[in-house]
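Below you'll find the structure, written out as structure tokens, and then a few comments.
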Amino acid sequence: MSRKIIATLSFLLLLSLQLQAQLIRDNATSISDTNRPNLSTPYHTTLTFFYNLEDNNFFPEKAASTLDLSGQQDEDATKLSIKLKQVFEGQGIIIRASQIPRLADYQDTTGLTNEDIYYFDRDKLPGVFLEKVGAEWKFSSFTVSQIDELHKKTYPYGTDRLLNLLPKIGNDKYLGLYSWQLVGLFFIIFLVFVSHFILTFLIDKVLVYLFRKFNYQQIGENYLLPVAKVVSYFLIAQILSILLPVLQLPVEIWSWMVVILRTIKPLLLTLIFYKLVNVLAVYFARLATKTESTLDDQLVPLLRKTLKAFVIIIGTLFILRDGLNLDIIPFLTGLSIGGVAIALAAQDTIKNFFGSIMIFIDKPFQVGDWITSGDIDGTVEEVGFRSTRIRTFRNSVMYVPNGKIADAILDNHGLRKYRRFYTTLTVTYDTPPQLIDEFVKGLKEIVLAHPDTRKDYFNIFFNNLSSYSQDVMFYIFFEVPTWPEELKARHEILIQIVKLANSLGVRFAFPTQTLHMESFPEKKGLIPTYPSEQSEYQKKLSAFLASELSKKE
């Protein structure tokens, strides 16, 4: 990156070798050499100021006559005039003589009121303008009061001192540049190389070592190192933007270099924040893994995409405003009007977008939950900006718009703390009541012994006499998170019920027709015989509980 910057800088400097370091362009008419400067129009005042500050025609006292020093105390007018010219040069302002008004009664009509003032560049130097004082046009007293501040802003961090030190090196010209400019140029190139070497060493060696030491090697190499490299390029561009104005390069070339540097800096800042979004996404992903909600895991990639789009939009606006010096207010106004038109044409898309926001805020379900609503019936796999992907029990995939989900009534089976299991156990009519009573007691013990059943609430009772059976209601709840685990628990409970029935001699009824015939003395009837004593059934139940349910403990 630094090599590209230096190559571009060298190319622009080669183009500037034949250009003279003058701010006035468009073949301005020369000013006659008189003792009294001509300040009758903005045009003549401008030429008087800049013409008397040229290298081959240096009369700063005449240029100082163009300054309105009213209200200024103990100010050296010649120094102020030199500083003001240096501000124009450092900002890369080209004065087009053909565009300067030559009317003594000129009025600025761009403001709310017509005033006797003339601005050179409202965007770059809004505080520098000519003002009619009596019959003469001069740099306004406000402009004069701002010269020192503008000078420090144009040449920050003490670089303004170099403007007086470097010319002492020599004023001989080589290849169209003064010797002090060439010395300064070589110094800047040397400083850029040294800065690039130091920053590269800090990034490639020191940062990598620190990441490895603190066990963040993967995060550092994949996410933080790219950010650090762009930061190093930004620092190099910052060094160039601070030091290059001191060289007082030809204004036509320097004006383009100012645009390039002002564009590069917001561009690099945009890249820095764009890459920082990845670092922020990794941090949020780690936080999402610590939460119970699986919906947070889906929110992280959506948040990353949203932040990147936001960074690109804001960065583009800064590049247009600060880099290319374009007025973004009409652009924003047109964007808002176009946004209304787009919003009207894409109502469903916007509705789905806000529906996704409501899903992430309300969290009506998580990834992996089983939901039903009308035709929707399946497991949530992914939540996007526009739609939610649901895997049905037919193994097909449904893409449901988020706007529809946000307005629908959802039955989230995944949020159940308990899963109900209800069935009816039918026993034959020949089963004696003592056996039914012991059978019900055994069923309750099975529920209490199972690890995944709700112990504080269940209903198991002999509650109905149907046409072909005596019915026992079996109404319990499982405390399991997923449907496969529920099926596993059902399987275990039903196996225990069948074993209990076999141990007690309980027969399950089913729709049948029984033909009763006269019993023969030598034949044994089909109806089983049951003990008449309750104690016999209690012994069988105790034996079952001791042999089967003890396995669960």
Problem set entry | Extension gain (nm, one decimal) between residue 430 and residue 285, 0.36 nm per residue minus Cα-Cα | 45.8 nm
Problem set entry | Solvent-accessible area per residue for region 392-479 (1.4 angstrom probe, square angstrom) | 52
Problem set entry | Positive dipole terminus of region 44-101, leading residue within 93, 66, 56 (C-beta point charges) | 93
For this session: Enter the Cα centre distance for the pair region 184-248 and region 444-503, rounded to the nearest angstrom.
Result: 70
Problem set entry | R0 of 51 Å, Cβ-Cβ distance residue 306-residue 193: FRET efficiency to nearest 0.05 | 0.80
Exercise. For region 442-515, what percent of Cα pairs sit more than 17 Å apart?
Worked result: 52
Seminar exercise, completed: Here the residues of region 132-149 lying in the modelled label zone of residue 107, meaning backbone nitrogen under 15 Å from a point 7 Å along Cα-to-Cβ, are 132
Exercise. Roughly what would the spin-label model give for residue 353 and residue 38, points 7 Å off Cα along C-beta, in nm?
Worked result: 6.0
For this session: Relative to the compact-globule scaling 2.2 N^0.38 Å, provide the ratio for the alpha-carbon radius of gyration of region 400-481.
Result: 1.56
Exercise. How large, in percent, is the carbon and sulfur part of the accessible surface of region 400-474 at a probe radius of 1.4 Å?
Worked result: 52
Problem set entry | Nearest-0.05 FRET efficiency for residue 415 and residue 547, computed from C-beta distance (R0 45 Å) | 0.70
For this session: May I ask which residue of 426, 439, 409 lies farthest towards the positive end of the charge dipole of region 344-492, with charges of +1 (Lys, Arg) and -1 (Asp, Glu) on Cβ and the Cα centre as origin?
Result: 409
For this session: Take the solvent-accessible surface of the protein heavy atoms, probe 1.4 Å, and return the percent of it on region 44-129 that carbon and sulfur atoms account for.
Result: 45
For this session: Would you mind working out the accessible area per residue for region 219-278, using a 1.4 Å probe, and quoting it in Å²?
Result: 38
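The values are calculated or read from the model by the stated rules, or taken from the named source; none is laboratory data. Remember, it's a predicted structure, so these values are computed and weren't measured experimentally. Note that we place each Cβ from the backbone using ideal geometry, even for glycine, and neighbour counts take in every protein chain shown. What goes into the accessible areas is simple: the full protein's heavy atoms, side chains included, and nothing from ligands, DNA or RNA. Shrake-Rupley method; radii C 1.70, N 1.55, O 1.52, S 1.80 Å.
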